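Bear in mind these aren't lab numbers, they're just calculated from the coordinates by the rules spelled out. All figures in this text were calculated on a predicted structure; none of them were measured in a lab. Neighbour counts are summed over all protein chains in view; Cβ atoms, including those assigned to glycine, are modelled from backbone coordinates with ideal geometry.
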Amino acid sequence: MKDKAQSTSNTFNRHYIAQVVKLIEDGYERNFLREKDSRDYPGYVYTFPDVKDENEFAFQHIVGKLHPPVKYGRGLLRF
């Protein structure tokens, strides 16, 4: 999912990783993953948050599809 955040000097895009939970009428219901620190794979390890982060989003917000993650242990996923 792509989110446009604005600052005072310029605009940048921020990407998020989400799991699609179900298809709805005009988009998807998804569950976001959060980045987790890892010594071995910095920036590539994610986990589901303790409190579910569910929401709906439109089809046009999807930027791409990732390959299935590798289980990294203790509920962590590595992309």
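Observations on the structure shown:
- Shown for 11, 47: other C-beta atoms within 10 Å of each C-beta, ranked fewest to most, produce the order 11, 47.
- With the cut-off at under 16 Å, measuring from each backbone N in the range 36-75 to a point 7 Å along the Cα-to-Cβ line of residue 23 picks out 57-60, 62.
- The label-point distance for residue 70 and residue 37, in a model that sets each label 7 Å from Cα toward Cβ, rounds to 2.3 nm.
- Taking a Cβ cut-off of under 15 Å around residue 22, the surrounding Lys, Arg, Asp and Glu residues balance to a net charge of -3, with basic ones at +1 and acidic ones at -1.
- Gyration tensor over the Cα atoms of the range 29-70: the corresponding equivalent ellipsoid has semi-axes (square roots of 5 times the eigenvalues, largest first) of 22, 15, 8 Å.
- Where trypsin sites (Lys or Arg not before Pro) in DSSP loops with at most 13 other Cβ within 10 Å are excluded, longest remaining stretch of the chain: 1-38
- Phi-based couplings in Hz for the range 36-48 (Karplus 6.51, -1.76, 1.60; Gly and Pro marked x): 10, 6, 8, 5, 7, 9, x, x, 10, 10, 10, 8, 7
- Extended-chain gain in nm, criterion 0.36 nm per residue less alpha-carbon gap, residue 14 and residue 78: 21.1 nm
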